[in-house]
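The structure under discussion appears below in the form of structure tokens.
The values are calculated or read from the model by the stated rules, or taken from the named source; none is laboratory data. Remember, predicted model here, so these are calculated numbers, not experimental data. Virtual Cβ from ideal backbone geometry, glycine too; neighbours counted across all protein chains shown.
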């Protein structure tokens with residue numbers, strides 16, 4: 001794109017799958033891309049493949065609140081604005097794990113890291129002329145929900161329950177962010193559908209192989225799944241909140257996008273940040 005100023009693009013979970021593909025595509029368009037991830041070897045491999053001085057890899061444990069603050073500080077020290085924040089970070093945990101902050105790991109990584117990066121980087125996003133946040137999760141899916149009586153899943157942890165809860169929490173995070181009239185950033189909730197990406201994450205080898213076989217025949221190509229993301233970075237939607245499920249707009253009245261639940265989750269989250277899980 002000639003005569004276009006480079007955008008500053010932050011990608012969490014950008015060393016593999018759709019995050020990695022988005023990073024490479026934005027670099028090809030001349031943008032400055034900061035990829036955040038926990039695996040240094042994957043970060044170095046991305047740097048070697050891209051061979052582009054506009055790419056920076058920041059190694060960070062995105063399940064850690066202190067690390068998220070550190071990342072936001074690093075970005076603010078080097079850039080006055082951020083044009084796009086693309087959120088991909090997630091990892092399957094077959095057993096319940098607790099982070100250094102005392103939080104259930106999936107809740108911390110899949111939901112809280114995205115909530116906090118959007119919050120910490122909001123001042124920089126608001127300095128952009130056309131800022132956008134893209135949260136890649138499972139909007140439109142109505143399975144699961146917030147376990148209000150036990151959000152940290154201390155009593156009945158299951159991998160699928162944790163993933164579904166964090167996915168629904170991301171839906172509500174988008175609703176809550178869009179309610180903040182003071183922010184310029186448009187928020188996009190995006191469910192790409194079954195994509196040939198991340199199939200090697202499942203801890204069960206048999207399930208992992210089944211997913212790979214199914215992906216070969218039924219999953220979308222990564223390039224197809226990231227095409228809307230790349231487009232939204234260039235031209236964000238006009239609405240404060242957009243929810244797209246496999247190319248189709250999601251009905252905003254869906255119960256998983258309930259404004260009261262969004263406010264309740266924000267209150268719970270902010271209380272956690274203030275007082276701690278205990």
| request: Filter the stretch 18-38 for residues that are in contact with a strand residue (DSSP E or B) (Cβ under 8 Å, 6 or more places away or on another chain) and either in a loop (DSSP other than H, G, I, E, B) or within 22 Å of residue 112 (Cβ to Cβ) (or both) and give the result. | output: 18, 19, 22, 31, 34, 35, 36, 37, 38
| field | Near pairs, Cβ below 6 angstrom, 6+ apart or cross-chain, from the stretch 230-248 (under 24 Å from residue 29 (Cβ atoms)) to any residue that is outside any strand (DSSP E or B) | value | 230/25; 236/130
| Given (1) touching a strand residue (DSSP E or B) at 6+ places or on another chain (Cβ under 6 Å); (2) over 17 Å from residue 118 (Cα atoms), where does residue 52 come up short, assuming only one miss? | (1)
| request: Within the stretch 32-50, count every residue that is crowded, with 18+ Cβ neighbours inside 10 Å and either more than 17 Å from residue 124 (Cα to Cα) or in contact with a helix residue (DSSP H, G or I) (Cβ under 8 Å, 6 or more places away or on another chain) (or both). | output: 9
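Do we have residue 154 as part of a loop (DSSP other than H, G, I, E, B) and touching a strand residue (DSSP E or B) at 6+ places or on another chain (Cβ under 9 Å) here?
For residue 154, the condition - part of a loop (DSSP other than H, G, I, E, B) and touching a strand residue (DSSP E or B) at 6+ places or on another chain (Cβ under 9 Å) - is met.
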| When residues of the stretch 227-239 are filtered for being surrounded by fewer than 17 Cβ atoms within 10 Å (Cβ to Cβ) and touching a helix residue (DSSP H, G or I) at 6+ places or on another chain (Cβ under 6 Å), how many remain? | 0
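Would you call residue 160 loosely packed, with under 14 Cβ neighbours inside 10 Å, part of a helix (DSSP H, G or I) and modelled with pLDDT of 70 or more?
yes
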| task | Find the residue count for the stretch 85-106, including only residues that are crowded, with 24+ Cβ neighbours inside 10 Å and more than 12 Å from the chain's Cα centre (by Cα). | result | 2
| What do you reckon, is residue 97 touching a helix residue (DSSP H, G or I) at 6+ places or on another chain (Cβ under 7 Å) and without any contact (Cβ under 8 Å) to a residue 24 or more places away in the chain? | yes
| note | Restricting attention to the stretch 4-17, the residues that are closer than 16 Å to residue 39 by Cβ and either without any contact (Cβ under 8 Å) to a residue 24 or more places away in the chain or surrounded by 24 or more Cβ atoms within 10 Å (Cβ to Cβ) (or both) number exactly 5
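To keep it simple, each residue is scored yes or no on (1) modelled with pLDDT under 95; (2) out of contact with any strand residue (DSSP E or B) (no Cβ under 9 Å at 6 or more places or on another chain).
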residue	(1), (2)
211	yes, yes
227	no, yes
231	no, yes
250	no, no
| field | Condition met for residue 190 (in a strand (DSSP E or B), in contact (Cβ under 8 Å) with a residue 40 or more places away in the chain and crowded, with 16+ Cβ neighbours inside 10 Å) | value | yes
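Would you check if residue 44 is free of Cβ contacts under 8 Å to residues at least 60 places away in the same chain, touching a strand residue (DSSP E or B) at 6+ places or on another chain (Cβ under 9 Å) and part of a loop (DSSP other than H, G, I, E, B)?
On the way: free of Cβ contacts under 8 Å to residues at least 60 places away in the same chain: yes; touching a strand residue (DSSP E or B) at 6+ places or on another chain (Cβ under 9 Å): yes; part of a loop (DSSP other than H, G, I, E, B): no.
Against the criterion (free of Cβ contacts under 8 Å to residues at least 60 places away in the same chain, touching a strand residue (DSSP E or B) at 6+ places or on another chain (Cβ under 9 Å) and part of a loop (DSSP other than H, G, I, E, B)), residue 44 does not qualify.
Quick check: anything in the stretch 139-150 within 17 Å of residue 245 (Cα to Cα) and either crowded, with 21+ Cβ neighbours inside 10 Å or in contact with a strand residue (DSSP E or B) (Cβ under 6 Å, 6 or more places away or on another chain) (or both)?
Checked the stretch 139-150: at least one residue is within 17 Å of residue 245 (Cα to Cα) and either crowded, with 21+ Cβ neighbours inside 10 Å or in contact with a strand residue (DSSP E or B) (Cβ under 6 Å, 6 or more places away or on another chain) (or both).
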| request: Give just the number: which of (1) at pLDDT 95 or above; (2) more than 19 Å from the chain's Cα centre (by Cα) does residue 8 not satisfy? | output: (2)
